[in-house]
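Right, one structure below, let's go through it.
What follows is calculated from the coordinates using simple rules that are stated; it is not laboratory data. Given the structure is predicted, the values throughout are model-derived calculations rather than measurements. We place every Cβ from the backbone using ideal geometry, glycine too, and count neighbours over all the protein chains shown.
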Amino acid sequence: MQGEGDWEVTAVAPARLQGDLRHIELEPIADESCSVVRIDMRFGSHPHVRMYGSQLSSILRQRWDLVHLWEEPYVIAAGQVARGVQAGVRFVPATFQNISKRYPIPTAFVERHVMKRADGWIAFGQTVRDALHGRPGYSDKPVRVLSPGVDTKTFRPDPIARARIRRGLGWESDQPVVGFAGRFVQEKGIDTLLHAFAHSTRRWNAVFVGGGPLAPALESLRLQHPSRVRIVRDVGHDEMPTYLRAMDLLCAPSRTTARWREQFGRMLIEAMACGVPVVGSSSGEIPHVLADAGVKIPEDDCALWTETIDRVCGDAAMRADLAHRGLDRARTEFAWPIVARRHLDFFAEVLAQ
């Protein structure tokens, strides 16, 4: 709801949800500036068919000025929200989908229903807008390219914490640490890093933070190189700054498939906010996220990935420059207050229609 010159915000979120790597419990942030309402969710392990519980109807009957939907427009939960938004209330969905796909029924019906009700929409990245701006239901609505944000008070450089976690991982030398954070799946480019590790001409350590079906391949690498490889699983989001700070370089070697390309890469902005240099592939949104604050490499060029990792690991001045540019970009482009203000400005425009 919009007050005089300001906003009153209520966030409605599932009490428990299956994430990419684990079940996630709703954890309100202390002293949060918005109200947080927990709501039950059915079929939470299945993103396309999950549904909000009965509390949703009563919540949406309240006197809102605008409802912002953070569910993909083609999922059933999004259809529930669109159906429940009261007449006269502005409705703004958002999407990360950066491939214009043909959906089967009932998914296609849900998307049409949601976008017909929408008064505007948010594209979480330039590749999202490029893919969807001509799509029926999207093309005739106001759109704004925005991004997720990062808490730069939590994700920040901390040399003392960095030294402590490296000791905890068993690495007290200055030997560079190359890191990966995310799902252990083919499309995230795990094979690219395995190739780089095997063919590198420079000695560096590797830490993999996350989980997924390629964990056995990483475990095999760890057993072959027990002093140089660490695998960290079941990491909560509040622990991510700890492990990012252990890295001298974060790699995001995502690889495009017929049905997926990197939609954003939250670990990129979190690493930059921690002062960690970043190397990313050309997949999807990564080049737009990095801009001139990271090194971009063609996603299929394993030889160049290996060469670049070796070059960055061997050049302290280059790492310092990348860290500085990344930190500046995180603070000026992706910090929560900046991202929040851009959202509110767009919402104000939609309300003024």
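Defining a contact as two alpha carbons under 8 Å apart and six or more residues distant in sequence, what relative contact order in percent does the chain show? Provide the component values of the computation, followed by the final result.
Values: 650 pairs, mean separation 49.5, N = 353.
Reported as a whole number, the value is 14 percent.
Neighbouring Cβ atoms within 10 Å as the yardstick, rank 81, 128 fewest first.
81, 128
At 7 Å along the Cα-to-beta-carbon direction for both residue 163 and residue 59, put a label point, then send me their distance in nm to one decimal.
4.6 nm
Which percent, to the nearest 5, of DSSP beta bridges fully inside the chain are antiparallel?
15 percent
Using the Cβ atoms and a cut-off under 9 Å, what net charge is assigned to the surroundings of residue 202, where Lys and Arg are +1 and Asp and Glu are -1?
That works out to +1.
Which residues does a label at residue 83 reach in the stretch 115-148, if reach means a backbone N under 17 Å from a point 7 Å past the Cα toward the Cβ?
Flagged as within label range: 115-118.
Apply the a/c threshold of 1.5 to the C-alpha gyration tensor of the stretch 159-333 and tell me whether it is rounded, prolate or oblate.
In terms of gyration-tensor shape, rounded.
Label points 7 Å out from Cα along the Cβ direction at residue 6 and residue 353: separation in nm?
2.8 nm
What full-extension length gain, to one decimal in nm, is calculated for residue 35 and residue 18 as 0.36 nm per residue of separation minus the Cα-Cα distance?
Stretched fully, the residue 35-residue 18 segment lengthens by 3.8 nm.
Using a Förster distance of 22 angstrom, determine the FRET efficiency expected from the C-beta separation of residue 43 and residue 234, and round it to 0.05.
It comes to 0.40.
Between residue 220 and residue 260, what FRET efficiency follows from the Cβ-Cβ distance if R0 is 30 Å, with the result rounded to 0.05?
The pair residue 220/residue 260 has a calculated efficiency of 0.75.
Among all stretches of the chain without exposed GluC sites (Glu not before Pro) (DSSP loop, at most 13 other Cβ atoms within 10 Å), which one is longest?
Excluding the exposed sites themselves, the longest stretch runs over 173-353.
Taking 30 Å as R0, compute the FRET efficiency from the Cβ-Cβ separation of residue 174 and residue 288 and round it to 0.05.
Given R0 = 30 Å and the Cβ-Cβ separation, E is 0.35.
Divide by every residue of the chain the summed helix terms, -39500 (n - 2.57) for each DSSP H run of at least 4, and state the resulting mean residue ellipticity at 222 nm, rounded to the nearest 500 deg cm²/dmol. All intermediate terms of the calculation are to be shown ahead of the outcome.
Details: 13 runs with 124 residues, N = 353.
Helix-only estimate at 222 nm: -10000 deg cm²/dmol.
With θ set to phi - 60° and the Karplus curve 6.51 cos²θ - 1.76 cosθ + 1.60, what are the ³J(HN,Hα) couplings of the stretch 173-182 in order, to the nearest whole Hz, using x for Gly and Pro?
7, 8, 4, x, 10, 9, x, 9, 9, x
For a quick check, take a GNM of the chain with Cα springs below 10 Å and name the residue from 289, 37, 177 with the largest mean-square fluctuation.
37
Taking the Cα centre of the chain as origin, work out the dipole magnitude from +1 charges on Lys and Arg Cβ and -1 charges on Asp and Glu Cβ, in debye rounded to 20.
The dipole magnitude comes to about 660 debye.
Mind counting lysine pairs for me in the chain? Cα separation below 20 Å, and the two need to be 8 or more apart along the chain or on different chains.
The number of close lysine pairs in the chain is 4.
Report the residue, chosen from 120, 53, 182, that carries the largest GNM mean-square fluctuation when the chain is represented by alpha-carbon nodes joined by springs under 10 Å.
53
Anyone know which of 43, 334, 184 comes out most mobile in the 10 Å Cα GNM of the chain?
43
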